[in-house]
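Undergrad: What follows is a single structure, and I will ask about it in a moment.
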Amino acid sequence: MRHNKKRVMIELDNVSHSYHSKRNTFDHGTHHVLNQVSLQLNEGETLGIVGRNGVGKTTLLQLMAGILAPTIGDV
């Protein structure tokens, strides 16, 4: 039996992202967008990101694209 090992295309390891806001409605001015997200996407796989407004979908994509750097963790 032959096993085709697929390449890891992107991996998030314990990624968290937060930013400071002037609004005190957040935790002492810090808005926590993502908290300890881990995933691995292999070659040939498809990823769908679904959620309501303001839950971090765009932030997750920006982290995956290298536009943003995670506060904690590795991409």
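The values are calculated or read from the model by the stated rules, or taken from the named source; none is laboratory data. Because the structure is a prediction, the values reported are computed rather than measured. Remember, those area values only see protein heavy atoms, side chains included, never the ligands or the DNA or RNA. Shrake-Rupley method; radii C 1.70, N 1.55, O 1.52, S 1.80 Å.
Undergrad: For the chain, with a Gaussian network of springs between Cα atoms less than 10 Å apart, report the residue from T46, T58, T30 with the top mean-square fluctuation.
TA: T46
Undergrad: Leaving out ligands, DNA and RNA, what percent of the accessible area of the chain is carbon and sulfur, probe 1.4 Å?
TA: Here it works out to 48 percent.
Undergrad: On to the next question. Amide H neighbours of L34 under 5 Å, at least 5 residues apart or on other chains, H built in the peptide plane: list them.
TA: Those lying under 5 Å, H to H, from L34 are H17.
Undergrad: Please give the calculated 222 nm ellipticity per residue for the chain, where each DSSP H segment of at least 4 residues contributes -39500 (n - 2.57) and the sum is spread over every residue; nearest 500 deg cm²/dmol? List each step's numbers first, then the result.
TA: On the way: 1 runs with 9 residues, N = 75.
Calculated from helices alone, the mean residue ellipticity at 222 nm is -3500 deg cm²/dmol.
Undergrad: Taking a probe of 1.4 angstrom, what is the accessible area of R7 in Å², to the nearest 10?
TA: So the heavy atoms of R7 present about 140 Å² to solvent.
Undergrad: A further question follows. Which one of N53, N35, N14 has the biggest mean-square fluctuation once the chain is modelled by GNM with Cα springs under 10 Å?
TA: Per the Cα network of the chain with a 10 Å cutoff, N53 tops the list.
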